[in-house]
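Right, one structure below, let's go through it.
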Amino acid sequence: MLKKLRTPLYLALLIPALLAFTDFLTPIDHVFWNVRYKLNQHPANASTVIVELSADGEHLDSATVASPRLARVLEQVRRQMPYRVFVDAPVKYGADVAGDRQLGKTIKDFGSGVSLVVRSQSVGSLDHEFTYRDFRMPPRALSDVAPVVVSVWNANFLDYAVSSPYSVKVDGKDYPTFAAVLAGAKAGAQETFEPDFLVDPASIPRVGEDSLLSGAYTPGLLTGRTVVVTQAGNAPNIGYFGKGRLHPLAVDIAGASGLAKPFALSLGQLPLLVLVWLIVRAGSRMALRRRKVALHAAATAVPFVLPPMLQLIGITVDVGAAILCLCLYGGARVWQLRVRRVQHTSTSGLPNLLALSAHPFEVGRDVIVAVIGRYEEILATLPKDLHGECARQIARRLSVGSGIEAIFNGEGGHFAWTEEARPLEMQLNHLEGLRALFSAPLQIGAFTFDTNIHFGLDRNEGLDAQTRVNSALASANDALNSGRSVELFEAERLAEASWELSLHARIDEGLRNGEIWLAYQSQWDMRRGEPCGAEALIRWNHPTRGPIAPDAFILQAERAGRIDALTYWVVDEAITAALALNAQGRHFQMSINLSAQMVDKPSLVANFAEIVRRRNIDPRLLTVEVTETSSVRNRPAAVQNLSQLRAMGFRLSIDDFGTGEASLAYLADLPSDELKLDRRFVSKLLTHDRERHIIRSTIGLAHALGQTVVAEGIEDEATYRALLDLGCDVGQGYFLGRPQPFAEFCQGLLKMGQRQSGVV
Ligand code: C2E
Ligand code: MG
Ligand code: MG
């Protein structure tokens, strides 16, 4: 139960319900009512007419009115036979004895028809016990002949009137409030009543003092009406919803209008809160998205539509709690959806590895990551809309096999879950069993795939969830690469694994801050005995790990999915270097290495075409070296891509020839311009007859196919001469020049030229 109360839905009920007993919701109600009354008000009924005394220039205190002047005005009003009169102006009494007497007489002549209004001189929240000091009480002579009514308003935090009591005690004596008397109301069931802000105060009929005295107003306007004789500025203004700050008389009249309604009930915050929450809850339980949206829209509309409607029949409800409920629930949902989006794999809709590592694991659980072999290849053959189904089907199979419901889906065919730790032997057997489940092909739509699966297992209980998932993931990748079915995560590999996993960001950083750079190694035309080109070789001087061998981090970059970015960066840099070299008047060929992972990518040709266009270069400047490796996944696509690059003008070179599994097949498939003899053959040329034969016949074969032969790894003069004798065209190796930074490479060119002339 307690757990349930902590869900966004129940918190959206509880928090506003608790706040409803405090003043925290007042700002929401304030804004709501202000807007609501700005949009719609209706004219006041004409039963009350205001007679406005003009500002009296003679007196500094213009908020008081001299007694003879008031007597004159009241006399004029009396002639119109009003229903009753309220004097809402402090009288300057005692200065003019004749005038005071005249005023007393006029009031007496009215019978009991005149009341005197006194106003609180401060605006704010009230308790209902006052002293005479809070008011400008009229002189005894007047209050003896005319009853006194009091105007006081409870105000909210911005001094907007919200309610009034029916009567107040001033120094122990009861006085009715002005609005209550205006409405002829006795204290109702409730202690206070609320003004009816629907009344537009500008529509209350008014007559100015001068018009009244000169008779210039609608005849009969005052007859039979309630007349309020008032003096502007006699009390501080107070907030009137929809209108801003006004003289409190407007609120008194609105208060009387509120009381005059046949039915008035103020329900407070809770009823609307409960109603809105029930609709929200109904919406949250709907399975159908359309109904869910409709109910949530209804819940949102209710606080804006219902209160104005209820108001028409005299029921006031506060909206603050309901609106807060909607905001809390809506905010929590938006947050949940965001988290959901971050924690789900978009194609399959399954929770991702981030979601798995978001919470600590229970004690005694193993973390298992499964990786599907050839996953990218499977996806490449499937239409896009079946990608999600493919992942879901694998997850289902794993779920059935492991008896675990929650399978998490990472990118690149990784699936992860946790299960109760068994003894290692049992766990390995269990995973072997799961592997057997995948001997049956996957059937996705009309497509059938054979696949295999590898597992990474982490049993390091003490470590945090994120580390454990990463560890299992790294082990699964190791299993995939080594072809083993299960790889157990060794704690010592932890640092290595986290390094591998953060490689993505580190490569970008390395490219930015110059840790990754290109070395250039010269290539020599052996017959002419001079440099004719260079190979660009990537280098990484890591600040803490020192120089990292390209073989190692290229492999990691491939795994981390950063090889494309890295390669295009190399191409760009190498082009800059080649253009600089050729600007010195030489014809220099620049070789770059293309990862086996990239050669079959659909975007390869377009990207190279874009580079040619952007850098405005002759593609013949660049030689693209491809390692004839068996790890190319889609061989026909690779052959097509490379043929297209060659057709565009790029030179194509087969690197490390003789080391791969399908050298000859590659040579047959792929129209290439160059063949690079691997240094493993070259280094044995002088000592091993076998290698010498292989080199000799390879050179013959390459020449027969019209290709140039480049020998790599020439480390001494004797090897150089032997290769020259065998007819090799181009040489590369430490003897001719080590890979160097570009500046040193340029300087070295000259020196090498001199040394070479000594060689040949
Ligand atoms: P590779 O393309 O076969 O490059 C030749 C490698 O042989 C280089 O090693 C070079 O330093 C080394 N080498 C050159 N002359 C001699 C020699 O006389 N004796 C010996 N023992 N070695 C020599 P490096 O730079 O360590 O590169 C290793 C491999 O890394 C490269 O082999 C290439 O496959 C890969 N690589 C380097 N840069 C890139 C790149 O930008 N992109 C890709 N995809 N792979 C690259
Ligand atoms: Mg190479
Ligand atoms: Mg090579």
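Derivation of every value follows stated rules applied to the coordinates shown; laboratory data play no part. What you are looking at is a predicted structure, and each value in this text was computed from that prediction instead of being measured. Here the Cβ is made from the backbone with ideal geometry for all residues, glycine too, and neighbour counts use every protein chain on show.
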Return the long-range amide H neighbours of residue 118 (sequence gap of 5 or more, or a different chain), with a cut-off of under 5 Å between placed amide H atoms.
149, 150, 151
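Is the C-alpha gyration tensor of the stretch 502-757 telling us rounded, prolate or oblate? Criteria: a/c under 1.5 is rounded; beyond that, a/b larger than b/c is prolate, otherwise oblate.
Working: a/c = 1.44, a/b = 1.20, b/c = 1.21.
Rounded is the answer for the stretch 502-757, as its axis ratio a/c remains below 1.5.
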Tilt relative to the chain, helix 635-648 - C-alpha long axis, 0 to 90 degrees, to 10
90
Toward the positive end of the charge dipole of the stretch 502-757, about the Cα centre and with charges on Cβ (Lys, Arg +1; Asp, Glu -1), which of 687, 636, 664 goes farthest?
636
State the Cα centre-to-centre distance between the stretch 370-405 and the stretch 249-279 in whole Å.
60
Would you please classify the overall shape of the chain from the alpha carbon gyration tensor, given that a ≥ b ≥ c denote the square roots of the eigenvalues, rounded means a/c under 1.5, and beyond that prolate means a/b larger than b/c while oblate covers the rest?
prolate
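What percent do you get for the relative contact order of the stretch 411-544 when only Cα pairs under 8 Å and 6+ apart count?
Working: 145 pairs, mean separation 20.0, N = 134.
Relative contact order comes out at 15 percent.
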Given the Cα-Cα distance of residue 47 and residue 399 and 0.36 nm per residue of separation, how much length would full extension add, in nm?
118.8 nm
Residue-ordered couplings for the stretch 408-423, obtained by feeding phi - 60° into the Karplus form 6.51 cos²θ - 1.76 cosθ + 1.60 and rounding to whole Hz (Gly and Pro as x), are 9, 10, x, 6, x, x, 9, 10, 9, 7, 10, 9, 4, 5, 10, x
Using Cα positions and a limit of under 25 Å, work out the lysines in reach of residue 292, with same-chain residues fewer than 8 apart set aside.
3, 4
Taking R0 as 35 Å, what FRET efficiency do you get between residue 422 and residue 466 from their Cβ-Cβ distance, rounded to the nearest 0.05?
0.90
Please report how far the C-alpha centroid of the stretch 557-592 lies from that of the stretch 717-750, rounded to the nearest whole angstrom.
20
Two-site label geometry, residue 340 and residue 79: point separation in nm, points 7 Å out along Cα→Cβ
7.8
Among the lysines, select those whose C-alpha is under 28 Å from the C-alpha of residue 108, and discard any that sit fewer than 8 residues away in the same chain.
92, 169, 173, 186
With +1 on the Cβ of every Lys and Arg and -1 on the Cβ of every Asp and Glu, and nothing else charged, how large is the dipole of the chain about its Cα centre, in debye rounded to the nearest 20?
2340
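Quick one: length gained pulling residue 332 to residue 285 fully straight, 0.36 nm per residue minus the C-alpha distance?
Working: separation 47, 0.36 × 47 = 16.92 nm, distance 1.58 nm.
Computed gain between residue 332 and residue 285 is 15.3 nm.
About its Cα centre, what dipole magnitude does the stretch 353-485 give when the only charges are +1 on Lys and Arg Cβ and -1 on Asp and Glu Cβ, stated in debye to the nearest 20? List each step's numbers first, then the result.
Numbers: 11 positive and 17 negative charges, 44 e Å.
Dipole size: approximately 220 debye.
Calculate the FRET efficiency for residue 171 and residue 112 from the Cβ-Cβ distance with a Förster distance of 22 Å, rounded to the nearest 0.05. Each step should come with its number before you reach the end.
Numbers: r = 24 Å, r/R0 = 1.08.
Here the calculated transfer efficiency is 0.40.
Report relative contact order for the chain in percent, whole number only (criteria: Cα-Cα under 8 Å, sequence separation at least 6). Write out the running numbers ahead of the final one.
Working: 1300 pairs, mean separation 66.4, N = 760.
That works out to 9 percent.
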Please turn the phi angles of the stretch 134-150 into ³J(HN,Hα) values with the Karplus equation 6.51 cos²θ - 1.76 cosθ + 1.60 (θ = phi - 60°), one per residue in order, whole Hz, x for glycine and proline.
6, 10, 8, 5, x, x, 3, 4, 7, 5, 6, 9, 10, x, 9, 10, 10
From Cα pairs below 8 angstrom and at least 6 apart in sequence, can you work out the relative contact order of the stretch 353-485, rounded to a whole percent?
38
Please report how far the C-alpha centroid of the stretch 602-626 lies from that of the stretch 150-167, rounded to the nearest whole angstrom.
80
Round to the nearest 10 and give me the degree value, 0 to 90, for the angle of helix 67-79's Cα axis relative to the longest principal axis of the chain.
80
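Students often check this: by mean Cβ neighbours within 10 Å, which of 650-657, 524-531, 88-95 ranks highest, and how do the rest follow?
Details: 650-657: 22.8, 524-531: 18.4, 88-95: 19.9.
Ranked by mean Cβ neighbours within 10 Å, highest first: 650-657, 88-95, 524-531.
Gain in length, residue 443 to residue 568, computed as 0.36 nm per residue apart minus the alpha-carbon separation, to one decimal in nm? Don't jump to the answer; show the numbers that get you there.
Values: separation 125, 0.36 × 125 = 45.00 nm, distance 3.71 nm.
Length gained, residue 443 through residue 568: 41.3 nm.
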